[in-house]
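Take a look at the structure below.
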Amino acid sequence: MTPVPHGPTSELRELFAPRSVAVLGASRRPGSVGASLFHNIIAAGFTGVVYPVNPSWPSVGGVRCYPRVSDLPEVPDLAVVIVPAPGVLDAVEELGRLGTKGVVVISSGFKEIGGEGIPREQKLVASARKWGMSLVGPNCFGVFNTDPAVRLNATFSDTLPTEGNIAFISQSGALGAGILHYAQAQRIGFTRFVSVGNRAGVDENDLLLSLAKDDRTRVVLLYLESLAQSRRFLEVAREVTEKKAVLCIKSGRTPQGAAAALSHTGSLARAQSDRLYDGLFLQSRVLRAGTLGELFQMAKVFAAAPEGGGKRLAILTNSGGPAILAADAAPRAGLELPALPPHRQERLRSFLSPNAAVRNPVDMTADANEAAYTRALREVLGDPTVDQVLVIATPTGSSTGLSIAKAFLKAWKSRPKPTAACLFGLEDLSEEVALLEAGGIPNFTFPEEGVRALGRWAEWQSWKKRPRPPLVSFEVDAAKARSLLERAVRDGRRALADFEAREVLQCYGFEVPPWELVQDEEQARQASERVGYPIALKIASRDILHKTDVGGVALDLRDASAVAAALTKMRAQVARSAPQARVDGFVVERMIRGGKELILGVQRDPDFGPVLVFGMGGIYVEVLKDVSFRLAPISPLSAEHMVEETAGFRLLQGMRGEARADLPKIHDALLRLSQFAVEQPLVGELDINPLLALPEGKGAVVVDCRIGLTLAGASQKDAGAGTGTARHRRA
């Protein structure tokens with residue numbers, strides 16, 4: 001059979017809707033994975049044909065067992081492989097020759113064990129690619145599809161959750177197994193589940209594209225320890241989140257780059273890789289949960305809530321204590337608690353207890369019965385100033401949990417809005433909760449959980465309403481910038497000199513203080529008059545990364561004689577401290593006073609590509625670590641959000657009479673840096689530290705900058721120069 005050199009299709013029908021499945025390694029041995037998985041396919045009511053394959057058994061589960069794949073009466077669409085690792089490759093090769101297009105390798109013993117497992121997995125991948133097979137795993141838990149037209153449970157879990165509208169992709173098989181049990185207990189229904197294992201073939205990006213086309217799936221959940229292809233994830237997730245919500249929990253860290261950091265930007269990006277993922281998820285509109293519990297709390301609301309909704313929350317309760325907890329949680333969840341309009345409060349007073357509070361939260365007191373709950377909830381849901389509702393109830397007296405649950409549903413169905421419930425009680429309320437959730441109202445054990453989940457729903461609705469702004473492009477001299485960078489690469493250097501970095505940034509329209517490169521005291525005197533006082537004098541050397549360490553900086557020079565004297569002294573100090581350094585001259589620069597010190601940077605990550613960094617700058621940047629991250633290119637809205645996410649944003653807005661910083665110019669600088677990062681791949685790392693943000697209307701000025709070249713373009717003899725954590729000051 002001729003190999004078909006292509007990867008999985010975006011629909012992945014061979015994995016989720018096969019007409020026939022072969023289980024290689026199916027077994028009659030009690031407790032074995034082969035026995036459990038084959039039994040699960042049968043027990044789930046698979047609508048296709050399933051074939052056990054194992055030379056050791058004449059039959060498995062009452063089904064005729066075949067010694068080899070070649071003995072099967074037809075070519076299976078999907079094969080589940082549970083044979084020992086050394087035999088997996090031969091099995092996949094045989095399946096490929098026959099024409100099977102999907103394979104799930106449950107077997108372990110591959111990359112995850114290191115050693116011989118690594119080349120074993122590489123050969124497996126090559127075989128799957130050669131035959132055009134969609135490969136899940138190896139070392140995975142399996143897949144399932146609850147679609148009544150398929151009913152496939154190709155996992156070795158003893159639990160198949162009920163049908164729902166949530167899909168789940170897990171990088172951990174063990175975690176996936178536990179979650180299936182949890183989901184069943186919490187009445188959470190799924191459409192599809194995939195344990196990707198080692199992700200040797202199909203990864204989260206392929207699966208997201210497939211789920212985007214699945215009409216049964218409304219919400220996609222991800223458990224990730226890393227991303228297979230971060231840049232592709234951004235592109236794929238942006239496409240998928242146009243259609244449906246993607247919720248994730250991310251653990252672990254990105255691998256550190258092999259090269260030592262030249263700059264703060266590099267060390268910040270690596271030390272705060274988790275923040276980098278935050279930026280990635282924000283750009284792709286993927287909602288990140290802090291815990292597994294929060295992930296599934298969000299999922300319950302996202303699976304049930306009607307479209308629409310905003311930040312205005314109303315709380316309806318018959319008990320004050322839980323309502324106070326919910327009210328405290330609302331601002332933390334980004335929600336507002338507006339008072340109900342006066343006419344709505346009067347309508348509530350007309351039938352509630354005289355002791356009831358009707359502002360918001362609405363506390364009906366313990367006297368509230370089923371009829372009161374129905375009328376009150378209708379009033380609250382019907383008010384146009386209310387976007388979402390949390391209903392809290394403690395069964396008391398004649399008001400049983402069941403009657404209250406029915407009241408909730410009766411009112412909600414007449415005026416549906418995003419609503420969550422919190423039923424309190426010492427008795428078993430499982431029947432009541434099941435009734436609520438079957439009707440479309442998710443229930444939470446504690447009120448804060450419901451508030452937090454509703455807050456994330458409001459966040460998602462806000463994202464959906466927000467248009468995706470187009471990227472901007474500035475008129476720049478990219479050719480000149482590229483020429484300056486290429487010249488440094490040809491010289492075998494890993495970094496640009498300070499004055500060269502300034503020239504490169506000026507090609508992209510960055511504002512820098514007036515400056516000149518001089519060679520001696522007389523030129524310095526003349527340049528100072530042209531540049532304007534006070535003067536900052538700096539050594540210009542391609543071999544000196546940290547000028548202050550060698551006495552290469554003199555600040556606040558007020559006249560020509562002071563400049564000349566400082567240059568003489570600097571030349572002598574540098575000669576003593578760095579005798580091998582090539583001195584290109586001295587930079588005479590006008591000092592800029594006032595403003596707020598910021599850091600803007602680029603780190604070219606081997607997986608993420610160009611990463612932008614923004615934060616409060618100066619010498620304490622690595623102590624404060626008040627930074628935000630995005631993947632370039634960014635939109636104008638992303639530039640604004642990068643600034644607003646930092647704690648230092650409050651300082652930029654102006655505090656206690658201080659002038660507001662020139663925020664539009666800060667945003668402009670970020671957008672120019674984004675374009676620069678995309679258009680100049682020779683740049684491995686870049687620091688602008690500080691960018692001095694002046695008062696509103698006066699601009700943002702590059703005071704110091706550092707550009708490191710990619711290792712691919714640097715000479716090996718220079719590769720170790722300037723490694724370690726840099727200490728960037730104004731000079």
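The values are calculated or read from the model by the stated rules, or taken from the named source; none is laboratory data. Because the structure is predicted, anything quoted here is derived from the model rather than measured. Neighbour counts run over all protein chains shown; Cβ positions are idealised from the backbone, glycine included.
Residues in segment 179-193 that are assigned to a helix (DSSP H, G or I), closer than 20 Å to GLY439 by Cα and within 25 Å of the chain's Cα centre (by Cα): ALA183 alone. Among the residues of segment 404-414, are any in contact (Cβ under 8 Å) with a residue 40 or more places away in the chain, of a type outside the set (Asp, Glu) and buried (at least 16 other Cβ atoms within 10 Å of the Cβ)? Looking for residues that are in contact (Cβ under 8 Å) with a residue 40 or more places away in the chain, of a type outside the set (Asp, Glu) and buried (at least 16 other Cβ atoms within 10 Å of the Cβ), one finds none in segment 404-414, hence no. The single residue among ARG494, ARG502, ARG487, ARG530 that is over 19 Å from LEU557 (Cα atoms) and either surrounded by fewer than 16 Cβ atoms within 10 Å (Cβ to Cβ) or over 37 Å from the mean Cα position of the chain (by Cα) (or both) turns out to be ARG487. Residues in segment 478-512 that are of a type outside the set (Gly, Ala, Ser), in contact with a Phe, Trp or Tyr (Cβ under 8 Å, 6 or more places away or on another chain) and part of a loop (DSSP other than H, G, I, E, B): TYR508 only.
Meeting the requirement of 3 or more residues that are within 19 Å of the chain's Cα centre (by Cα), crowded, with 18+ Cβ neighbours inside 10 Å and of a type outside the set (D, E, K, R), the strands (runs of 3 or more DSSP E) wholly within segment 576-695 are 609-616, 627-631.
If you go through segment 123-149 and keep only what is part of a helix (DSSP H, G or I) and either among the polar types (S, T, N, Q) or in contact (Cβ under 8 Å) with a residue 60 or more places away in the chain (or both), you end up with LEU124, VAL125, SER127, ALA128, ARG129, LYS130.
Of all the listed residues (LEU295, LEU276), the sole one being crowded, with 24+ Cβ neighbours inside 10 Å, assigned to a helix (DSSP H, G or I), at pLDDT below 95 and not basic (Lys, Arg) is LEU276. In this structure, VAL563 does satisfy being in contact with a Ser or Thr (Cβ under 6 Å, 6 or more places away or on another chain) and not assigned by TED's automatic domain parsing to the domain that holds ARG706.
Among the candidates SER56, SER36, SER27, the residue that is more than 19 Å from CYS140 (Cα to Cα) and polar (S, T, N, Q) is uniquely SER56. When restricted to residues that are small (Gly, Ala, Ser), surrounded by 16 or more Cβ atoms within 10 Å (Cβ to Cβ) and within 13 Å of ASN153 (Cα to Cα), segment 36-72 contains 3. I need every pair where a residue in segment 643-662 that is under 13 Å from GLY594 (Cα atoms) has its Cβ under 6 Å from the Cβ of a residue that is in a helix (DSSP H, G or I), sequence separation at least 6 or different chains. If the second residue must be in a helix (DSSP H, G or I), the pairs left are ALA661/LEU652.
Looking only at residues that are among the aromatic types (Phe, Trp, Tyr) and crowded, with 24+ Cβ neighbours inside 10 Å in segment 132-162, which one is nearest to VAL220 (Cα to Cα)?
In the first step, residues of segment 132-162 are kept if they are among the aromatic types (Phe, Trp, Tyr); the result is 141, 144, 156.
Narrowing the set further to residues that are crowded, with 24+ Cβ neighbours inside 10 Å leaves 141, 144.
Details: PHE141: 18, PHE144: 14 Å.
So the residue we want is PHE144.
Within segment 366-409, being at pLDDT 90 or above and assigned to a loop (DSSP other than H, G, I, E, B) holds for ASP383, PRO384, THR385, VAL386, ASP387.
Within segment 354-366, restricting attention to residues that are touching a residue at least 40 places away in the same chain (Cβ under 8 Å) and of a type outside the set (S, T, N, Q), the residue that is farthest from ALA304 (Cα to Cα) is ALA366.
Restricting VAL472, VAL451, VAL380, VAL389 to those that are surrounded by fewer than 22 Cβ atoms within 10 Å (Cβ to Cβ) and either farther than 22 Å from ALA299 by Cβ or touching a residue at least 24 places away in the same chain (Cβ under 8 Å) (or both) reduces the list to VAL472.
Given the residues LEU207, LEU234, LEU227, which is the only one that is touching a Leu at 6+ places or on another chain (Cβ under 9 Å) and either at pLDDT 95 or above or under 20 Å from LEU78 (Cβ atoms) (or both)?
When all the criteria are applied, what remains is LEU207.
Could you list, in sequence order, all residues of segment 575-618 that are of a type in the set (S, T, N, Q) and not assigned by TED's automatic domain parsing to the domain that holds ALA647?
Matches in segment 575-618: SER577, GLN580.
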